[in-house]
Amino acid sequence: MTKTTVVHGARQLVRVDESGVDTVEDGAVAIEDGTVVAVGSTAEVTREYPAETAETAVDATGKTVLPGYVDPHTHAVFAGERVDEFAAKLAGKSYQTIQAEGGGIFSTVRAVREASLAELTDTLLDHLDVMLAHGTTTAEVKSGYGLSVESERRLLEAVARADERHPLDLVPTFLGAHAVPEGTDPDEYVDEVVHEQIPAVADADLAVFCDVFCDEGAFTREQSRRVLEAGLEYGLAPKIHAEEFERLGGAQLAADLGAVSADHLLRATAEDAAAMAAADVTPVLLPGTAFTLGTAYADPAPFGTAGSRVALATDFNPNCYSQSMEFAMALACNGMRMTPAAALRGATHHAAAALALDDGTGTLRKGAPGDVVVADAPRFEYVPYNAGVRTTETVLKGGEVVHRA
Ligand code: NIG
Ligand code: FE
């Protein structure tokens, strides 16, 4: 039997799709068996799909209805905590100094190596609850805090288990080349990533993407190329952490390899943006990272000018401790001067492009998955405008109510 959900009476319904953002007053959406079957005015939609006979009806009077947010860059699976580094950073210590002293990523790696699969899964599930409560319905999760065959695999197994147990949809990315383990030769470690980690992860079907941290103190452009080419051989599409602290050429490498996305891009140039646009590499900007590092924000303008679909993500990790795409949108507007409409596209449709999802995820239109946020806001601009305040009230995933504030 068909299962119908109707969300009706919205003060504003926001239809995000390929052509942009447009709004409907007194809007409604109908979902059948998980897929959107009608979007429009409440009168139109409920004529065909009456709220009274639907299995689930959500009254959105006075609220704004939007597509569920998509977070295309997180490091959400980890163990331990680094709240003390927060204080150290505020006292003036740089991210790189903390890492050089054995903290940062290395501190999380030690905690992860001691954590069981069950512990990693449970901690991830807790973070997913927070993401969902802030309106995220699909998220990418990277490994990268294991840095060995066994622990990288365990991290990705935790992602697979959490994906089964949680309404949020997860897209797993292998990031064995996140840092060179302490006391290891960088090229020897790249050999291990290429010859042992990638085959192990791909054989167990644990990842969709292969990522690399191409930066000073992490991996060079040539080492990054080796990692991403090995990933490609095993069917893992490339992503890259590029031009964050130093401009090492990661954006151009992404273009050369036809990567799905290049992320961070704080130091990327107009030339990098043009090369990426020509190769259809989606730029993913992470305003939370600049916010927590206290550095300048990435400039979205060259990417927009080059014709790219600029995506936003949280970069949620122990250094950038925010699971909220609402907050990422607020920072994108206030810190990067993006318009609320551009920020919303970045957090939905463009974010789905950064994950190569072409099933309508991140849009609200006929045929898209029934992933919907009902926000306690009179219009969508209030989501980034009401900075630091959760506007998400009800979340639907595939037409099911999976969160109510
Ligand atoms: O994307 N830049 C590299 N990796 C992460 C930070 C990871 C960490 O500090 O634990 C990032 O910001
Ligand atoms: Fe990252």
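The values are calculated or read from the model by the stated rules, or taken from the named source; none is laboratory data. Keep in mind the model is a prediction, meaning the values are calculated, not measured. Glycine also receives a Cβ, built like all others from the backbone with ideal geometry; neighbour counts cover every protein chain displayed. Note: areas computed on protein heavy atoms with side chains; ligands, DNA, RNA excluded. Shrake-Rupley method; radii C 1.70, N 1.55, O 1.52, S 1.80 Å.
Annotations
- Any chance ALA298 is part of a loop (DSSP other than H, G, I, E, B), buried (at least 19 other Cβ atoms within 10 Å of the Cβ), more than 18 Å from the chain's Cα centre (by Cα) and small (Gly, Ala, Ser): no
- Test: residue in segment 375-386 that is open to solvent by 60 Å² or more (accessible area, probe 1.4 Å) and under 13 Å from ALA133 (Cβ atoms): yes
- Within segment 245-263, residues that are under 13 Å from GLU229 (Cα atoms) reach partners that are surrounded by fewer than 20 Cβ atoms within 10 Å (Cβ to Cβ) and among the basic types (Lys, Arg) with beta carbons closer than 6 Å, at six or more positions or on different chains, in the pairs LEU253/ARG221.
- Odd one out for ALA296 among (1) away from ligand 1 (no atom under 16 Å from the Cβ); (2) closer than 25 Å to PRO384 by Cβ; (3) out of contact with any strand residue (DSSP E or B) (no Cβ under 6 Å at 6 or more places or on another chain): (1)
- Selection within segment 301-340: residues that are hydrophobic (A, V, I, L, M, F, W, C) and within 12 Å of ligand 1 (Cβ to nearest atom). The member of this set that is farthest from the chain's Cα centre (by Cα) is CYS320.
- Test for LEU266: is it within 13 Å of ligand 1 (Cβ to nearest atom), open to solvent by 10 Å² or more (accessible area, probe 1.4 Å) and more than 30 Å from THR136 (Cα to Cα): no
- If you go through segment 202-227 and keep only what is within 20 Å of the chain's Cα centre (by Cα) and either within 11 Å of ligand 1 (Cβ to nearest atom) or not aromatic (Phe, Trp, Tyr) (or both), you end up with LEU206, ALA207, VAL208, CYS210, ASP211, VAL212, PHE213, CYS214.
- Note on segment 206-221: among residues that are charged (D, E, K, R) and open to solvent by 20 Å² or more (accessible area, probe 1.4 Å), the one that is nearest to ligand 2 (Cβ to nearest atom) is GLU216.
- Residues in segment 233-256 that are open to solvent by 10 Å² or more (accessible area, probe 1.4 Å), of a type in the set (A, V, I, L, M, F, W, C) and within 21 Å of the chain's Cα centre (by Cα): ALA237, PHE245, ALA255.
- Any hit, segment 251-261, residues being modelled with pLDDT of 95 or more, farther than 14 Å from ALA279 by Cβ and either more than 14 Å from ligand 2 (Cβ to nearest atom) or among the basic types (Lys, Arg) (or both): no
- Extreme residue, nearest to LEU155 (Cα to Cα), among residues of segment 299-326 that are of a type in the set (Phe, Trp, Tyr) and within 16 Å of ligand 2 (Cβ to nearest atom): PHE316
- The listed residues are ASP71, ASP22, ASP26, and the only one of them that is charged (D, E, K, R) and on the phi > 0 side of the Ramachandran plot turns out to be ASP26.
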